[in-house]
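A.B. asks: After the structure tokens below, expect a handful of questions from me.
The values are calculated or read from the model by the stated rules, or taken from the named source; none is laboratory data. Just so it is clear, the structure is predicted and the values come from calculations on it, not from any experiment. Because the Cβ atoms are built from the backbone with ideal geometry, glycine has one as well, and the counts that use them run over all protein chains shown. Keep in mind that these areas ignore ligands, DNA and RNA; they rest on the heavy atoms of the full protein, side chains included. Shrake-Rupley method; radii C 1.70, N 1.55, O 1.52, S 1.80 Å.
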Amino acid sequence: MWFQQVVEWFRSLSPDVATKGIRIAVYVFGGFLVVRLLVSVVQRFIMKKATLQRRMVARKIIVYSGFVIVLMTVLAELGVKLTGLLGAAGIVGIAVGFASQTSVSNIISGLFLISEKPFAVGDAIRIGTTTGIIQSIDLLSIKLRTFDNLFVRIPNERILTSEVTNITRFPIRRMDIMLQVSYREDLDRVREVLADVARGNRYCLDEPAPVILCTEFKESGVELLFGLWFSKADFMNLKNSIMQDIRKRFRTEGIETPYPTRTLRFADENQSPRLTGAAAKPKRARGRPRQKPARRSAR
Amino acid sequence: MVKVKRREDTDLSVWNEWDLGPKQTAVWTFPERRIYVERVAQEWHVLSVVGEKNVGEASRTLIERSRKPGSSGWRHYLSRESGPVRPQPVLPDRSIVAKPDRSLMLLAGESAQFFLEIPVWFRMNVGGVRQVQVFEEPLAVMSNTWFGDPVNGELCYSLATRLHQGMSSIVPSAWRAVCPMAVTNDSATDLAFERICLHVQNLAVFRGTERLWTNGLSVLFRGAEQASHIQVSPGPPEFEPDLAPAAPARLPAESWDIRKTFSRIMEFADF
């Protein structure tokens, strides 16, 4: 029924309007199909070996350009004069520009980020307190998926003006573990044990060699930096296994990890030790009479 | 337990094809790995466990299925091919950084022939005319290492090995392939061997009477500032006659030229 109504309405139109309508419909649907086909061909054949980010950018350029071309063609078909439109667009653009400075700044920042390539889709980055994997790099913002599966949108302007750490840029990384051992321990032996722990862990790379540095003399013991190199894909495996390996091995070897300790020294060693602090009785000031406890009246 | 054959010295028959009967489990024993294989209905069941290091070289046996170890580590592969089991010794799937057990300097103008031993992987194929690869497993555990700088490089296996200069010092082995390497120092500086990166994916394995071999390599070192030239022999090495092909290379060698070598590290890349 509705189809017949459409046909009747179509017949009621003048031939010019009907022809124009058909042409516009052909431009819109044809344009949509051509853009889709072009995106498919470019992604599958031309950009087959390109990174995910570049394919995404190429797809957006084709889609947006196709949309603008189809729109201009439809407007021209409708008899809208594009020169006037562009003139008006210029004036409107100035007004819009003032009103949308932040958005424009984000777009420009996005273009800088795309050209500078500090990171790519799929990289893990840290910005401020947010760490996640980049899902997309768009003109206004980037989208992250955090490791606990939250979606985070970060404006490009903020990225351009902040310190961004690309965790997965390089193929290998070093995991730095700070350890403390007692002052009584032989540091050479501790170093050998740690080197052996590194050799025995399958996720730790032999080269570059692990770093074992004595960094500081702390209150209770000596602080060591134990730096292990690993392939970036093995982060969790190494993190889980190496802590256990170190603990087990320290126990086996009898290497003491110190607790905070305090050494008390008395001023006069000939006299008997006096209690200090809260354990001592409060001193009575001279000349002040001792107060007797109050009596309780019986009732 | 039915024993097919067992010897304490090298027995390359571990690499022969084998027809498994029903209700039988085949066991390949190597110093660092033991592999159990059986055919159940349309599946191949495989178990790979850490070997006992005090066993002899290598052997294979048949055991009754009831005596196979119970373990959650059994892997099941569905395949219509029930044909004979064809084990193949293949080289590792990644490059190897071989660290000689001693520091060696090749003086300017000198040449030397070295032999390296590379642990092979156990690849199991099944079938007759149409062979299907079921699985593969390293026969020795090698740790990971990185060759190159922290920004560019490749993930390799690390192998501490002897740089033999003669065959007499190499104990024949059924699970290590000997890689002959001829090095010529055609530069004015001495060449220090500390680490050698070998792209073993481009090497095939050949079988002799008592040992396995890889293709031979010849390396021409022209100094730290120039690219060294490396050539892989197209066929088996000439140190033993009548070598038969045991396994093809994983990747064909595409190029004979390599990048600039480092002064203390000799690198075989892009071959």
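A.B. asks: Just one of A:Gly122, A:Gly128 is open to solvent by 30 Å² or more (accessible area, probe 1.4 Å), within 20 Å of A:Thr102 (Cβ to Cβ) and not acidic (Asp, Glu); which is it?
C.D. replies: One residue alone meets the criteria, A:Gly128.
A.B. asks: Residue check: is B:Leu139 away from every other protein chain (no Cβ under 14 Å), open to solvent by less than 40 Å² (accessible area, probe 1.4 Å), among the hydrophobic types (A, V, I, L, M, F, W, C) and farther than 30 Å from B:Glu17 by Cα?
C.D. replies: no
A.B. asks: Considering each residue of region B:101-122, count those that are surrounded by fewer than 17 Cβ atoms within 10 Å (Cβ to Cβ) and either part of a strand (DSSP E or B) or within 14 Å of another protein chain (Cβ to nearest Cβ) (or both), and give that number.
C.D. replies: Result for region B:101-122: 5.
A.B. asks: In addition: Any idea which of (1) within 14 Å of chain B (Cβ to nearest Cβ); (2) outside any loop (DSSP other than H, G, I, E, B); (3) open to solvent by 40 Å² or more (accessible area, probe 1.4 Å) is the one A:Ala209 doesn't satisfy?
C.D. replies: Failing condition for A:Ala209: (2).
Residues are listed down the side, and each one gets a yes or a no for (1) open to solvent by 80 Å² or more (accessible area, probe 1.4 Å); (2) within 41 Å of the chain's Cα centre (by Cα); (3) farther than 20 Å from A:Met72 by Cα; (4) not aliphatic (A, V, I, L, M):
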{"position": "A:Ile24", "(1), (2), (3), (4)": "no, no, no, no"}
{"position": "A:Gln43", "(1), (2), (3), (4)": "no, yes, yes, yes"}
{"position": "A:Ile46", "(1), (2), (3), (4)": "yes, yes, yes, no"}
{"position": "A:Met56", "(1), (2), (3), (4)": "no, yes, yes, no"}
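A.B. asks: Any residue at all in region B:42-58 that's assigned to a strand (DSSP E or B), more than 14 Å from chain A (Cβ to nearest Cβ) and under 18 Å from the mean Cα position of the chain (by Cα)?
C.D. replies: Scanning region B:42-58 turns up at least one residue that is assigned to a strand (DSSP E or B), more than 14 Å from chain A (Cβ to nearest Cβ) and under 18 Å from the mean Cα position of the chain (by Cα).
Let's see how each residue does on (1) open to solvent by 40 Å² or more (accessible area, probe 1.4 Å); (2) away from chain B (no Cβ under 14 Å); (3) assigned to a strand (DSSP E or B):
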{"site": "A:Gln135", "(1), (2), (3)": "yes, yes, yes"}
{"site": "A:Ile142", "(1), (2), (3)": "no, yes, yes"}
{"site": "A:Asp148", "(1), (2), (3)": "yes, yes, no"}
{"site": "A:Val152", "(1), (2), (3)": "no, yes, yes"}
{"site": "A:Glu157", "(1), (2), (3)": "yes, yes, no"}
{"site": "A:Arg173", "(1), (2), (3)": "yes, no, yes"}
{"site": "A:Gln180", "(1), (2), (3)": "yes, yes, yes"}
{"site": "A:Leu194", "(1), (2), (3)": "no, yes, no"}
{"site": "A:Ala198", "(1), (2), (3)": "no, no, no"}
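A.B. asks: For the structure I just gave you, tell me whether A:Leu228 is within 12 Å of chain B (Cβ to nearest Cβ), open to solvent by less than 50 Å² (accessible area, probe 1.4 Å) and closer than 16 Å to A:Met178 by Cα.
C.D. replies: So A:Leu228 passes the test.
A.B. asks: Hey, among B:Val90, B:Val171, B:Val97, B:Val129, which residue is touching a strand residue (DSSP E or B) at 6+ places or on another chain (Cβ under 7 Å) and more than 14 Å from every other protein chain (Cβ to nearest Cβ)?
C.D. replies: Just one listed residue meets the conditions, B:Val90.
A.B. asks: Among the residues in region B:79-88, are any closer than 21 Å to B:Met142 by Cβ, open to solvent by 10 Å² or more (accessible area, probe 1.4 Å) and without any contact (Cβ under 8 Å) to a residue 40 or more places away in the chain?
C.D. replies: No: region B:79-88 contains no residue that is closer than 21 Å to B:Met142 by Cβ, open to solvent by 10 Å² or more (accessible area, probe 1.4 Å) and without any contact (Cβ under 8 Å) to a residue 40 or more places away in the chain.
A.B. asks: On the basis of being closer than 30 Å to B:Phe147 by Cβ and aromatic (Phe, Trp, Tyr), does A:Phe217 make the cut?
C.D. replies: no
A.B. asks: In addition: I want to confirm something. Restricting to region A:267-290 and keeping residues that are open to solvent by 100 Å² or more (accessible area, probe 1.4 Å) and either part of a helix (DSSP H, G or I) or modelled with pLDDT of 70 or more (or both), which single residue is farthest from A:Arg189 (Cα to Cα)?
C.D. replies: Of everything passing the filter in region A:267-290, A:Ala278 is farthest from A:Arg189 (Cα to Cα).
A.B. asks: Within region A:162-171, track down each residue that is away from chain B (no Cβ under 14 Å) and more than 13 Å from the chain's Cα centre (by Cα).
C.D. replies: none
A.B. asks: Give all pairs with beta carbons closer than 9 Å in which a residue from region B:229-255 that is more than 13 Å from B:His199 (Cβ to Cβ) meets a residue that is of a type in the set (Lys, Arg) and open to solvent by 80 Å² or more (accessible area, probe 1.4 Å); count only pairs at least 6 apart in sequence or on separate chains.
C.D. replies: Between residues of region B:229-255 that are more than 13 Å from B:His199 (Cβ to Cβ) and residues that are of a type in the set (Lys, Arg) and open to solvent by 80 Å² or more (accessible area, probe 1.4 Å), the close pairs are B:His229/B:Arg222.
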